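Working notes, beginning with the structure itself.
The values are calculated or read from the model by the stated rules, or taken from the named source; none is laboratory data. The structure presented is a predicted model; accordingly, all values stated were derived computationally and were not measured. Every residue, glycine as well, gets a Cβ built from its backbone with ideal geometry; the counts of neighbours run over all protein chains shown. For accessibility, only protein heavy atoms count, side chains too; no ligands or nucleic acids. Shrake-Rupley method; radii C 1.70, N 1.55, O 1.52, S 1.80 Å.
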Amino acid sequence: MLYLTSDNFPIFLPFGVIGFYRYFWFCIRLAASFAYRPIPLPQSPTYLADEDVTIIVPTIDAGDEFKDAARSWLVGNPKEILIITEEKMLGPLQDLANAVDPERIRVLTVPFANKRLQMSHGIKNTTTDIIVFADDDAIWPPTLLPYVLACFEDQKIGGVGTSQRVQPCGKEMTVWEVLAAFRLSIRNIEIACSTHIDGGLPCLSGRTAAYRTIILKDPEFLHGFTHDYWLGKYQLNSGDDKFLTRWMVSHGWSTYVQCCKETELLSTMKPNWRFLKQVLRWTRNTWRSDLRSLFMERHIWTAHPYVAYTMVDKLFNPFTLLAGPCLVASLVYKSTLPSEHGGYHLPWWNILLSYFTWLLATRTAKLLPHLWYRPQDVIYVPAFIVFGYYFAVMKLYALCTLHETGWGTRTGIGDIAAATAAMDKQDKQGASNANANVPYEGQSGHGVQSEVRNEKKSQFDRNDNISNMGAPPVMRRRVLDDGQVYDYRGRGSGSGSSGTAIGSGSSGTAVASGSGSGTAHGQGYEYRLGGFMRSLRDPSGRGSGSERDVMEMESYPMRTE
């Protein structure tokens, strides 16, 4: 014991303060995660999966694991699943889709493999209120969709995430899969904590995340999403979930994460050293996105200050983590010197033993939420400690190589710029074909007016509570494809017991209000101007018949601030 007091270790004071600070905040995060509560299911949900959910799955190499994943998605009864792949993979993926459910699974293609282009193509082909992006190996619990949709009852929420757990590729987890499971356990605590403290998230993970279609249909979003450059020079393909999360923050939408057993999905990780390449790609994306959020866009500081703090903390984390071994190495060296030459009385082995004991105790404490369910993984804690220091070095390497935007773990991902150019060309050709075949108001046949735009897939807001006698309509916000005037030639019909009758047609929705029961038929026009969605709708609702001549103008905000 005298050895501990016979030497002056002034360097311990600042590092002791740093250690206290970090574990103090860890305790706060742990307490906040315990205080967090998921949003419960509503008694009368506004959104129903079979009417309002489209699942978009961008993939190029889905295997048999896709069948298990797709069957788990279909348990939630979504309206449709869109598989977006490259053209040469159409046949194999169509076979997979046919083996699961050919009625509700559609396979669409893009010219070249590019995840963001695949996602945007799926967005353009979506007609429901909610889009859920999912990895081709993500296995959902049966309750995931209802709990995700519950969050959208709050009209301010634009994106919803879920908690995750690792699904082993084989019978037993490899050390790489256990390391991934450790990381996910810590992440589940962090996202629950940040959601509870200030409602923000560092990232809505792309493994499974839901968004309002109105946000993603915005032409500004679609262009920015597929033409995203780092430093204006290096086009990005990965990091789509980071882009989506930043877009929510910068455009005033709230986010939420349902971190509970009812939404805990299973996802596979690389069961070998290629997991390190995955981590490297994620780390580069995190650097690029966090630097943008903190210093370029800067919305995060006022919208979610706690999340901004965690981002700043991550910037310095590799430096503070590597400072520990440097300090210990210095103390060990000083302990080998004679005391008359400035050496320490404390033996070098005592310093090393104390250091490793401290690491083992503190890292095990951080992993207790995971070890509670899988105590057999305690033997991998030393590997997690080693990985932590490797990860700190990797973060510094990633910082120096942010210009590298390749995928890293997938073959077939070619030139991003070429893929984007090919998709832009395809979109222009589609627009020309649409304009050549859509008649303008007052015309018949195939005449063309310059005011008519392509992609006439926007629909009117619908009221799903028509059975609720006398209740005011619950507005569904839908976005236009390019913000221009649309002429709906389709005719819809529907009946309501009281208040509002709503019906959907092939290319439009008729909405009519009136007393008593009745059927509404109508032709609608819709456009967007100055941040508002405006609908022309038939207000009569008396009996049934052809389109009404009297139209009513209604305006409402596209989103609630």
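A few notes on this one:
- The figure for E190 is an accessible area of roughly 70 square angstrom, using a 1.4 Å probe on the protein chains alone.
- With a simple spin-label model that places each label point 7 Å from the Cα along the Cα-to-Cβ direction, the separation between L352 and K261 comes to 4.5 nm.
- Cα centroid separation, region 376-392 to region 238-307 (Å): 23 Å
- Efficiency of FRET between S330 and E65 - r from beta-carbon atoms, R0 45 angstrom, step 0.05: 0.35
- Loop-located GluC sites (Glu not before Pro) in region 98-178, at most 15 other Cβ atoms within 10 Å (DSSP): E103, E153, E172
- Theoretical gain in end-to-end length, L321 to E87 [0.36 nm per residue, Cα-Cα removed]: 79.6 nm
- Rounded FRET efficiency, nearest 0.05, which uses the C-beta distance separating D154 from I18 and R0 of 35 Å: 0.35
- Residue-count net charge about I385 - beta-carbon cut-off 13 Å; Lys, Arg +1, Asp, Glu -1: +2
- Sequence-separation-based contact order of region 150-234, relative, with Cα cut under 8 Å and 6+ spacing, percent: 35 percent
- Nitroxide proxy distance, nm - points 7 Å out along Cα→Cβ at A365 and E172: 3.1 nm
- Ranked order, V132, V386 - accessible area, probe 1.4 Å, largest first: V386, V132
- In this simple spin-label model, placing a label point 7 Å from the Cα along the Cα-to-Cβ direction at both A35 and E404 gives a separation of 4.2 nm.
- Residues N272 and I385, FRET efficiency given R0 of 30 Å [Cβ-Cβ distance, rounded to 0.05]: 0.90
- Pairs spanning more than 28 Å between alpha-carbon atoms, out of K277/K366; K217/K261; K171/K395; K156/K233; K115/K233; K242/K395: K217/K261; K171/K395; K156/K233.
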